[in-house]
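Accompanying notes for the structure given below.
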Amino acid sequence: DAGAADAHFRASLAADPRDAYTRGAYADFLLDSARPKEVVAMLADDTRNDALLLRLALAEAQLPEAQASFDAHRADLAARFAASRQRGDTVHRREEARFRLELERDAAGALALARANWQVQREPADLRILAESARAAGDSAALRIATDWIAANRLEDRRLGALAGGQR
C-alpha cells in the first residue's frame with residue numbers, strides 16, 4: 001500500500017539521505033501520488049544529477065508558482081541531453097525519453113529513445129517509458145513489445161498493467 005511504501009522510502013532516506021537512486025525512486029513515487037510540492041522540497045538543491053533534475057522539472061511543471069524555475073530547468077535538461085548526444089553518451093536514454101514525452105510532448109522522439117534504451121536496459125522504469133511513449137505515439141507494435149514482456153516475465157505492476165491493458 002502507498003502508506004507502507006512511503007514509510008519504506010523515508011526509512012531508506014534516513015539511512016542514506018543523499019542516495020540518488022532512492023531519491024529518484026521516491027520522487028517518482030511522489031509524482032505518481034500527485035505530490036509535486038514534496039518533490040520540489042526534496043530536490044530543489046540537487047540539480048547536478050540529470051535524473052534528479054528531470055524529476056524536479058516534472059514536479060515544477062505541475063506547479064504554476066514554479067514556472068520560472070521550471071523553464072530554467074527544462075532548458076538546462078535540453079542542453080544536457082544535447083551535450084550527452086554529442087559526446088555519444090547513451091547512459092540517460094530513459095531520462096531523455098521521459099523528458100521528451102512528458103516535458104517536450106514529443107511522443108515519437110520519446111519512443112525512439114525508449115526503444116533504444118530497452119535494447120540495453122530492462123528495469124520496470126524502462127518498460128514504463130517504453131509503454132507510455134508507445135501509447136502516446138499510437139504505436140501498437142511498440143506497445144506489444146511491452147505487453148509481451150510483461151506476460152512472459154509475469155510482471156505485476158498496477159501502472160504498467162493499466163498502460164498495457166487490452167493489448168495482449
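Where a number appears in this text, it was derived from the coordinates with a stated rule and is not lab data. This structure is a prediction, so every number in the text was calculated from the model and none was measured.
Using Cα-only point scatterers and the Debye equation, what is log10 of I(q)/I(0) for the range 2-89 at each q in 0.15 Å⁻¹, rounded to two decimals?
Those come out to -0.57, one per q.
Which shape class, rounded, prolate or oblate, goes with the range 74-168 when its Cα gyration tensor gives a ≥ b ≥ c as root eigenvalues, a/c under 1.5 marks rounded, and past that a/b bigger than b/c marks prolate?
On the way: a/c = 2.35, a/b = 1.83, b/c = 1.28.
Judged from the Cα gyration tensor, the range 74-168 comes out prolate (a/c at least 1.5, a/b above b/c).
Per residue and in Å³, how big is the convex hull formed by the alpha-carbon atoms of the chain? Spell out each step's value before the answer.
Numbers: hull volume 20.7 nm³, N = 168.
Value for the chain: 123 Å³ per residue.
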